[in-house]
Amino acid sequence: MILIISTAPDLHADVVQQELERRGAECIRFNTEDFPTKVGLEVKLTSSGWQGVLHFPQRDVELSQIRAVYYRRPATPQIDPAIKDSNARQVAEAQCEEALRGLWRALDCFWMSCPLKIRRASSKLYQLSIAPKLGFRIPDTLITTDPSQAEAFFHSHHGQVVVKPLSGVSFVFPQPMGVYTSRMEVSDLAEIDAVRFAPTLLQEYIPKEIELRITVVREQVFAAEIHSQTHPKAKDDWRRISPEHIPHRVHELPQKIQHQCIELVRYLGLEFGAIDMIKTPDGQYVFIEINPNGQWLWIEEFTGLPIAAAIAQALISADS
């Protein structure tokens, strides 16, 4: 039995579920916003062991039957509207989230990928400390709360610097920025004191021939070119515009880089990873980051790379 953990509007989970069903695999979808109003949980623990059941509207699933889990984008459990008191709702939500966290940890099976390992691997600081050990080139990077160090970094790279958030937002300017990577300008130094409010990530600007989204599914590597330099709004961060405005092509990744990508995913304890890299005009490959649970469906749609099939086959192989 394969368990898919996600949320109802997740197209990635939809495609994988369809692929599993097309191949005749037994699977069930757990959209976590349905817990506990539509999906129930029962776990019994004794000195001799434990057993549990998920109660879905269509059937009950013994947790011992689950051999593989595809962990995608779970949502916050939705509390029954019959609970009106806001404090009581917060308590109920906390209890639901803790029950699910405990369940994920207790399920001893194949995970793509384990939530605890996803969380650890999501740290940009951690990723960038690991990548050079595996042979990747990374941009010179500074994470700081010291405005003088930030200004010195800017000048040491002759003003060729980008700023990006460690997570969510960044405080390089008086108001928090969005999640996009942005080039720093000399005029921004007038507001550099704002760095003291929260750690800020600065990197040397890496010239781009193309950007790459490299999707790793266990031992398989699917590399796609993102021709961000063809659109003025996408030059610094291709996510600023809809991807259909940028050419995407399959990329022949050198064997050495393929091996490094597989090794990085394995080192992080993952079964899947979405790696962002830059290929420079002189042909160098520069690691930017890995999203341990990143999006990939648009890459498959634009390039035909069979990512969903690879995910489905990995889950089926673990379930057999």
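The values are calculated or read from the model by the stated rules, or taken from the named source; none is laboratory data. The structure presented is a predicted model; accordingly, all values stated were derived computationally and were not measured. Reconstructed Cβ throughout: ideal geometry from the backbone, glycine too, with neighbour counts over all protein chains shown.
Take residue 264 and decide whether it is assigned to a helix (DSSP H, G or I) and touching a helix residue (DSSP H, G or I) at 6+ places or on another chain (Cβ under 7 Å).
When the stated conditions are applied, residue 264 passes them.
Go over the candidates 195, 221 one by one and state the one that is modelled with pLDDT of 95 or more and of a type in the set (A, V, I, L, M, F, W, C).
Only one candidate passes the filter, namely 221.
Please pick out the residue among 195, 221 that is surrounded by 19 or more Cβ atoms within 10 Å (Cβ to Cβ), touching a helix residue (DSSP H, G or I) at 6+ places or on another chain (Cβ under 6 Å), assigned by TED's automatic domain parsing to the domain that holds residue 146 and among the hydrophobic types (A, V, I, L, M, F, W, C).
Only one candidate passes the filter, namely 195.
Just need a number here: residues in the stretch 275-306 that are acidic (Asp, Glu) and part of a loop (DSSP other than H, G, I, E, B).
1
Which condition number in (1) within 19 Å of the chain's Cα centre (by Cα); (2) over 19 Å from residue 138 (Cα atoms) is the one that residue 320 fails?
With respect to (1) within 19 Å of the chain's Cα centre (by Cα); (2) over 19 Å from residue 138 (Cα atoms), residue 320 is out only on (1).
Considering the stretch 261-281 alone, what residues qualify as being touching a strand residue (DSSP E or B) at 6+ places or on another chain (Cβ under 8 Å), within 21 Å of residue 70 (Cα to Cα) and of a type in the set (D, E, K, R)?
Scanning the stretch 261-281 gives a single hit, 271.
Quick one: in the stretch 132-188, which of the residues that are assigned to a helix (DSSP H, G or I) and of a type in the set (Asp, Glu) is modelled with the lowest pLDDT?
Step by step, filter the stretch 132-188, then rank; the result is 188.
Pairs under 8 Å by beta carbon, first residue buried (at least 20 other Cβ atoms within 10 Å of the Cβ) in the stretch 1-13, partner part of a strand (DSSP E or B) and of a type in the set (Gly, Ala, Ser), six or more apart or different chains?
Going by the 8 Å Cβ cut-off, the qualifying pairs are 2/68; 3/68; 12/6; 13/6.
Can you confirm whether the stretch 65-79 contains a residue that is without any contact (Cβ under 8 Å) to a residue 40 or more places away in the chain and either surrounded by fewer than 15 Cβ atoms within 10 Å (Cβ to Cβ) or not charged (D, E, K, R) (or both)?
No, the stretch 65-79 contains no residue that is without any contact (Cβ under 8 Å) to a residue 40 or more places away in the chain and either surrounded by fewer than 15 Cβ atoms within 10 Å (Cβ to Cβ) or not charged (D, E, K, R) (or both).
Among the residues of the stretch 55-72, count how many are touching a His at 6+ places or on another chain (Cβ under 9 Å) and either more than 16 Å from residue 35 (Cβ to Cβ) or part of a loop (DSSP other than H, G, I, E, B) (or both).
Within the stretch 55-72, residues that are touching a His at 6+ places or on another chain (Cβ under 9 Å) and either more than 16 Å from residue 35 (Cβ to Cβ) or part of a loop (DSSP other than H, G, I, E, B) (or both) number 1.
Per-residue answers, yes or no, for (1) surrounded by fewer than 20 Cβ atoms within 10 Å (Cβ to Cβ); (2) modelled with pLDDT of 95 or more; (3) in the same structural domain as residue 164 (by TED's automatic domain parsing):
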{"position": "233", "(1), (2), (3)": "yes, no, no"}
{"position": "236", "(1), (2), (3)": "yes, no, no"}
{"position": "240", "(1), (2), (3)": "yes, no, no"}
{"position": "243", "(1), (2), (3)": "yes, no, no"}
{"position": "277", "(1), (2), (3)": "no, yes, no"}
{"position": "280", "(1), (2), (3)": "yes, yes, no"}
{"position": "284", "(1), (2), (3)": "yes, yes, no"}
{"position": "301", "(1), (2), (3)": "yes, yes, no"}
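Please note which strands (runs of 3 or more DSSP E) are completely contained in the stretch 2-50 and include at least 3 residues that are closer than 20 Å to residue 93 by Cβ.
Answer list for the stretch 2-50: 40-46.
In this structure, does residue 290 turn out to be closer than 19 Å to residue 180 by Cβ, buried (at least 20 other Cβ atoms within 10 Å of the Cβ) and not assigned by TED's automatic domain parsing to the domain that holds residue 68?
yes
Does the stretch 33-92 hold any residues that are within 20 Å of residue 20 (Cα to Cα) and either among the β-branched types (Val, Ile, Thr) or assigned by TED's automatic domain parsing to the domain that holds residue 297 (or both), and which are they?
Passing the criteria: 61, 66, 69.
Among the charged types (D, E, K, R) and either part of a loop (DSSP other than H, G, I, E, B) or free of Cβ contacts under 8 Å to residues at least 24 places away in the same chain (or both): which single residue out of 225, 191 fits that description?
191
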